[in-house]
Amino acid sequence: MVHLGLGNFHRAHQAVYTADAQDPAEPWGFTGVATTNRDVVAALRAQDMRYTVLTIAPDRIRVDPIDVITDAFTAADEPARVVDLLADPGTSVVTLTVTEKGYTYLPGSRRLDLDDPGVAHDLRDPAPRTTVGRLARGLLRRAQGDGAPLTVLSCDNLAANGTVLRGLLTEFAGALPGPEGETLTRYLDDAVTFPNTMVDRIVPATTDEHRAQAAAAGFDDRVPVPAEPFRMWVMEDRFAAGRPAWERAGAILTDEVAAYEAIKVRFLNGTHSLLAYLGMLAGHPLIADAVADEPIAAAAWRLGDEYRPTVTVPAGFDLDHYRDDLFERFANRPLGHLTRQVGSDGSLKLAQRVPAAVSWHLEHGHTPRTLALLVAAWIRAVGEPGSVTDPAVGRPVEPAADRLTALAERTSGPEDLARAVLADERLLGGGSTADPRFVTAVGDLLGVLRKGGVRAAAAEVTP
């Protein structure tokens, strides 16, 4: 297998499932391709590709060695090698954890951003720079060879992630000149599957404390991965070639991936985002601090109440138990999950967590004010410099920060800013979020955040 995006999440999730499902008679492994991170590649090479996962519960830490990565390199340094691996008929599965921003799509439409400089480069140059370009060039080479079947398995938090990725690659193929585009399109149709998946595990960034914890357990590991005890992996059983028996490690193979995905993206990820932005504005560095702040926790619970009627519950799934467990997971202080980490890339993440639920509520005649608070808190925390005052909190990474700030400088009040943000296709623009009812609610709550702060805004949405 080849994995694109050699970050902590992959090493605490797909790699762990693979290790736990391993059959000595038919071992599976990954060549890990980091996008730009040379440090993790160097560390893994120095450690013979072995590393540890620290499973951190509130009262204990378990340290497990993982040994399923067989090689690692950086795509930015060796773009041709990525293409070669994808084209190799010995590769049966390609998995991805490149985060939402790695797909170079427009958040409002989830169409390929053909104006993105990396995408434009990859359409004319066989040494690709983007994830979609790397996949397209590798699959094109594969199609021009023996055309061996392949499974491409997105493990990112995108609704219908496999379907979306297939669409992006099809758009890329359509933009390639003549014969190349036709060859790639035909191969995508005939020999490649894109199962939809849902992944669930909270995985913070690695710190020196985690390295010390690994060392205390007897492991000299420069890149240990901290993770919570909970994990879930749901996927469609649509594989073009071989795969590990991940179900032996607890993975769920089902036709109900969309239902699982909607629950996870809304209840876990959406609630996580609200805790992060309100937490940052209230001066809380950790998610555990935010969920311990009663008004913020009440608003976060209320968000789940708004999400609940918008989802279909899979057969046998206990949503009440899942919701209760979520708040215990969020409160795991030893995990050390930072609000600024959870709040990063909000312009892309919220596009998965807000519009569909807003649509449901508007179609049923009411305006979801807690979802409006989520958007308002994101605008305030990320787009209005000086709103996060505690230096211990820091600022999240946000590709749209300059765009948000520019809109804030050009508009005259909170509702005008909300209208500009919700009309912008590169932010949350278009569709339900641009509805005047929702715009007014976002503007109203943004005004409350400016004047009264987090507690006043939380009180506006809680009974």
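What helices (runs of 4 or more DSSP H), lying completely within the stretch 198-284, carry at least 2 residues that are under 23 Å from the mean Cα position of the chain (by Cα), touching a residue at least 60 places away in the same chain (Cβ under 8 Å) and over 30 Å from LEU44 (Cα atoms)? Step through it out loud before you land on a result.
On the way: elements: 208-216, 257-263, 271-281.
Hits in the stretch 198-284: 257-263, 271-281.
Tally time: how many residues in the stretch 369-381 are buried (at least 24 other Cβ atoms within 10 Å of the Cβ) and more than 20 Å from the chain's Cα centre (by Cα)? Steps first, answer last, please.
Applying the first criterion (buried (at least 24 other Cβ atoms within 10 Å of the Cβ)) to the stretch 369-381 yields 370-381.
After this cut, where a residue has to be more than 20 Å from the chain's Cα centre (by Cα) as well, the list is 370, 372-373, 376, 380.
Counting residues in the stretch 369-381 that are buried (at least 24 other Cβ atoms within 10 Å of the Cβ) and more than 20 Å from the chain's Cα centre (by Cα) gives 5.
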Of the residues in the stretch 132-149, those that are touching a helix residue (DSSP H, G or I) at 6+ places or on another chain (Cβ under 9 Å), open to solvent by 10 Å² or more (accessible area, probe 1.4 Å) and not aliphatic (A, V, I, L, M) number 7
Within the stretch 68-119, residues of a type in the set (Ser, Thr, Tyr), surrounded by fewer than 16 Cβ atoms within 10 Å (Cβ to Cβ) and over 28 Å from THR433 (Cα atoms) come out as THR70
Quick count over the stretch 398-435, residues being over 16 Å from ALA351 (Cα atoms) and part of a loop (DSSP other than H, G, I, E, B), is 3
Screening GLY431, GLY453, GLY386 for residues that are free of Cβ contacts under 8 Å to residues at least 60 places away in the same chain and at positive phi leaves only GLY386
Residues in the stretch 25-46 that are part of a strand (DSSP E or B) and β-branched (Val, Ile, Thr) total 2
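Only one of GLU363, GLU384 is open to solvent by less than 30 Å² (accessible area, probe 1.4 Å) and not β-branched (Val, Ile, Thr). Can you tell me which? Give the derivation first.
Values: GLU363 fails: open to solvent by less than 30 Å² (accessible area, probe 1.4 Å).
Being open to solvent by less than 30 Å² (accessible area, probe 1.4 Å) and not β-branched (Val, Ile, Thr) holds for just one of GLU363, GLU384, which is GLU384.
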Residue hits (the stretch 355-386; among the aliphatic types (A, V, I, L, M), under 19 Å from GLY279 (Cα atoms) and at pLDDT 95 or above) are LEU371, ALA372, LEU373, LEU374, VAL375, ALA376, ALA377, ILE379, ALA381
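Per-residue answers, yes or no, for (1) assigned to a loop (DSSP other than H, G, I, E, B); (2) closer than 21 Å to VAL132 by Cβ:
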residue	(1), (2)
HIS3	no, yes
ASP23	yes, no
ASP48	yes, no
THR52	no, no
ASP64	no, no
VAL94	no, yes
*Is it fair to say GLY394 is closer than 30 Å to THR55 by Cβ and part of a loop (DSSP other than H, G, I, E, B)?*
yes
Of the residues in the stretch 420-430 that are open to solvent by 10 Å² or more (accessible area, probe 1.4 Å) and within 22 Å of the chain's Cα centre (by Cα), the one that is modelled with the highest pLDDT is ASP424
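Give ARG380, ARG329 a once-over and let me know the one that is assigned to a helix (DSSP H, G or I), charged (D, E, K, R) and more than 20 Å from ARG426 (Cβ to Cβ).
Numbers: ARG380 fails: more than 20 Å from ARG426 (Cβ to Cβ).
Only one candidate qualifies: ARG329.
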Looking across the stretch 14-45 at residues that are more than 24 Å from the chain's Cα centre (by Cα) and of a type outside the set (A, V, I, L, M, F, W, C), the single one that is surrounded by the most Cβ atoms within 10 Å (Cβ to Cβ) is GLN22
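Here's a check for you: in the stretch 150-183, which residue that is more than 27 Å from the chain's Cα centre (by Cα) and either assigned to a helix (DSSP H, G or I) or touching a residue at least 12 places away in the same chain (Cβ under 8 Å) (or both) is surrounded by the fewest Cβ atoms within 10 Å (Cβ to Cβ)? Talk me through it step by step, then tell me what you get.
Keep residues of the stretch 150-183 that are more than 27 Å from the chain's Cα centre (by Cα), which gives 176-183.
With the extra rule that they be either assigned to a helix (DSSP H, G or I) or touching a residue at least 12 places away in the same chain (Cβ under 8 Å) (or both), the set shrinks to 176, 178-183.
Values: LEU176: 19, GLY178: 7, PRO179: 9, GLU180: 17, GLY181: 18, GLU182: 13, THR183: 17.
Out of the qualifying residues, it is GLY178.
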Pairing a residue in the stretch 307-328 that is within 21 Å of ARG353 (Cβ to Cβ) with any residue that is surrounded by fewer than 11 Cβ atoms within 10 Å (Cβ to Cβ), where Cβ atoms lie under 9 Å and the two sit 6 or more apart in sequence or on different chains, gives PRO309/HIS364
Inside the stretch 218-238, the number of residues satisfying the requirement of being open to solvent by 20 Å² or more (accessible area, probe 1.4 Å) and under 16 Å from GLN14 (Cα atoms) is 6
The number of residues in the stretch 311-334 that are of a type in the set (A, V, I, L, M) and at pLDDT below 95 is 1
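The values are calculated or read from the model by the stated rules, or taken from the named source; none is laboratory data. Since this is a predicted model, take the numbers as computed values, not measurements. Cβ sites come from the backbone with ideal geometry, for glycine too, and all protein chains shown count toward neighbours. Side chains included, ligands, DNA and RNA excluded: accessible areas come from the protein's heavy atoms. Shrake-Rupley method; radii C 1.70, N 1.55, O 1.52, S 1.80 Å.
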